[in-house]
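The values are calculated or read from the model by the stated rules, or taken from the named source; none is laboratory data. All values reported here derive from a predicted model rather than from experimental measurement. Counting neighbours? That spans all protein chains shown, and the Cβs are built from the backbone with ideal geometry, glycine included. Ligands, DNA and RNA are stripped out before the accessible areas are found, and what is left, the full protein with its side chains, is counted by its heavy atoms. Shrake-Rupley method; radii C 1.70, N 1.55, O 1.52, S 1.80 Å.
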Amino acid sequence: MANGDDDSRACQAYAEILQEVRIAQTAVQFLLGFLMAVAVTPRFASFQTADRTIYVTSLVLAFGSVGLLTAPTPLHRLCESMDKECLVRIAGRLALWGVLLLMLALSAAVLLVLNLVVGLSLAGVLAGFILVWLGGFWFAMPIWHRVRHTDFPAR
């Protein structure tokens, strides 16, 4: 029965990953909608090289995020015979990398908009602050909590 319990826990963990991915996908869909709309605005024609570089960077990062965040679904469909625990590990890693790319894409998009509004220097500082802020809440805080609440074996 232990194997059934392991499969049940793995299925539950996979369902939790998919729910978490749904939340991240909402953010990346919003971001992609914004970025795709930017390219067809009249002001886009006046973008300088730096603006276009930031734009392309944020667009590529956002699409990379979409690819990683949606990868667990075809993985599950195409590898139905895969060990569930392995599927959960891979899906979890894909989701984490997808969120990392989303964090970078959001920061780049903020840099793009703020560069047009307040100039590159202040935009860089503010976008850097947002990158650190998101990194703190999305990665540093959970890692700190995990390390703090993990019982390490005594040596």
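Hey, does the stretch 80-92 have a residue that's open to solvent by less than 40 Å² (accessible area, probe 1.4 Å), over 19 Å from residue 52 (Cα atoms), under 16 Å from the mean Cα position of the chain (by Cα) and touching a residue at least 40 places away in the same chain (Cβ under 8 Å)? Yes. Scanning the stretch 119-139 for residues that are open to solvent by less than 60 Å² (accessible area, probe 1.4 Å) and out of contact with any helix residue (DSSP H, G or I) (no Cβ under 8 Å at 6 or more places or on another chain), which turns out modelled with the highest pLDDT? Per the stated criteria, the residue is 136. Checked against (1) touching a Gly at 6+ places or on another chain (Cβ under 6 Å); (2) surrounded by fewer than 14 Cβ atoms within 10 Å (Cβ to Cβ), residue 101 meets all criteria but (2). Screening the stretch 1-103 for helices (runs of 4 or more DSSP H) wholly inside it with 2 or more residues that are at pLDDT below 90 returns the ranges 2-38, 72-78. The C-beta contact set for the stretch 120-144 (first residue under 13 Å from residue 104 (Cβ atoms), second residue among the β-branched types (Val, Ile, Thr) and open to solvent by less than 60 Å² (accessible area, probe 1.4 Å), distance under 6 angstrom, 6+ apart or interchain) comprises 127/110; 130/110.
In summary, residue 116 fulfils each of the numbered conditions (1) at pLDDT 95 or above; (2) under 26 Å from residue 36 (Cβ atoms); (3) not small (Gly, Ala, Ser) with the single exception of condition (1). Can you pull out every residue in the stretch 42-74 that is open to solvent by 40 Å² or more (accessible area, probe 1.4 Å), among the hydroxyl-bearing types (Ser, Thr, Tyr) and farther than 14 Å from residue 116 by Cα? Correct list: 57, 70, 73.
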